[in-house]
Amino acid sequence: RSLLTQSLPRERYEILVVDNGSTDQTPEICARFAEAGVRYVREPVSGLSRARNVGWQNARGEYIGYLDDDATASVSWLESALWSFQQIVPEPDWVGGPIRLAWEVPPPPWITPELRVPLGEVDLGAEPRFLAAGERLGGGNSFYSCRRLAEMNGFDVRLGRQNRSLLSGEETQFQHRIQAA
């Protein structure tokens, strides 16, 4: 729903849901949003990297943004990312923003800022900038040029969460590949 209320005019973006082997009502839910322009693509082979690759390969735009299925985008999410690609020189290969944890109940006091990072929290500040050595963006709030994804053959399907495996690192590996290139 947060993607349907963006500040960027609706005709300037598409919403693509990649169903990566769900066992819930994802197809029916997407069908309810088809009139709003939500496109549904099914990828039966499990794997986050595979799903992300199917996403950019089916995207019609110049850039693709990834938002985790449990995330909510700010109203200016798309507009801010597009600004970054169009205004920052040289054009970035990857644009990302903060990922803040939304707690349903107050977190336990032992969840320190340091422990929030393994839970997915990312915040590198409010000012647009290139990453410093050792910094990385989170894949759950990230944008890429489809051209660059194609040049790099996308994400490595050997990495990324698959079924019950919590293996990750596909974004970090992709970032290293970009930097090496």
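Within region 82-114, can you find the residues that are among the aromatic types (Phe, Trp, Tyr) and over 21 Å from residue 65 (Cβ atoms)?
Listed by number, the residues that qualify are 103, 110.
Any residue in region 79-97 that is within 24 Å of residue 149 (Cα to Cα), open to solvent by less than 60 Å² (accessible area, probe 1.4 Å) and of a type in the set (Phe, Trp, Tyr)?
Yes, region 79-97 contains a residue that is within 24 Å of residue 149 (Cα to Cα), open to solvent by less than 60 Å² (accessible area, probe 1.4 Å) and of a type in the set (Phe, Trp, Tyr).
Would you mind telling me which numbered condition in (1) free of Cβ contacts under 8 Å to residues at least 40 places away in the same chain; (2) in contact with a strand residue (DSSP E or B) (Cβ under 6 Å, 6 or more places away or on another chain) residue 134 fails?
Evaluating residue 134 over (1) free of Cβ contacts under 8 Å to residues at least 40 places away in the same chain; (2) in contact with a strand residue (DSSP E or B) (Cβ under 6 Å, 6 or more places away or on another chain) leaves (2) as the failure.
Would you confirm whether any residue within region 26-37 is under 21 Å from residue 150 (Cα atoms), in contact with a strand residue (DSSP E or B) (Cβ under 8 Å, 6 or more places away or on another chain) and in contact (Cβ under 8 Å) with a residue 24 or more places away in the chain?
No, region 26-37 contains no residue that is under 21 Å from residue 150 (Cα atoms), in contact with a strand residue (DSSP E or B) (Cβ under 8 Å, 6 or more places away or on another chain) and in contact (Cβ under 8 Å) with a residue 24 or more places away in the chain.
Which of the residues spanning region 114-131 are open to solvent by 70 Å² or more (accessible area, probe 1.4 Å) and part of a loop (DSSP other than H, G, I, E, B)?
Of everything in region 114-131, those that are open to solvent by 70 Å² or more (accessible area, probe 1.4 Å) and part of a loop (DSSP other than H, G, I, E, B) turn out to be 117, 118, 119, 123, 126, 127, 128, 129, 130.
Go through region 38-67 and report how many residues are exposed (fewer than 14 other Cβ atoms within 10 Å of the Cβ) and either over 19 Å from residue 150 (Cβ atoms) or among the hydrophobic types (A, V, I, L, M, F, W, C) (or both).
Total satisfying the criteria: 2.
Considering every residue within region 93-104, establish whether at least one is over 11 Å from the mean Cα position of the chain (by Cα) and over 22 Å from residue 1 (Cα atoms).
Checking region 93-104: at least one residue is over 11 Å from the mean Cα position of the chain (by Cα) and over 22 Å from residue 1 (Cα atoms).
The values are calculated or read from the model by the stated rules, or taken from the named source; none is laboratory data. Keep in mind that this is a model prediction, so the values were computed, not measured. Neighbour counts run over all protein chains shown; Cβ positions are idealised from the backbone, glycine included. Accessible surface areas use protein heavy atoms only, side chains included; no ligands, DNA or RNA. Shrake-Rupley method; radii C 1.70, N 1.55, O 1.52, S 1.80 Å.
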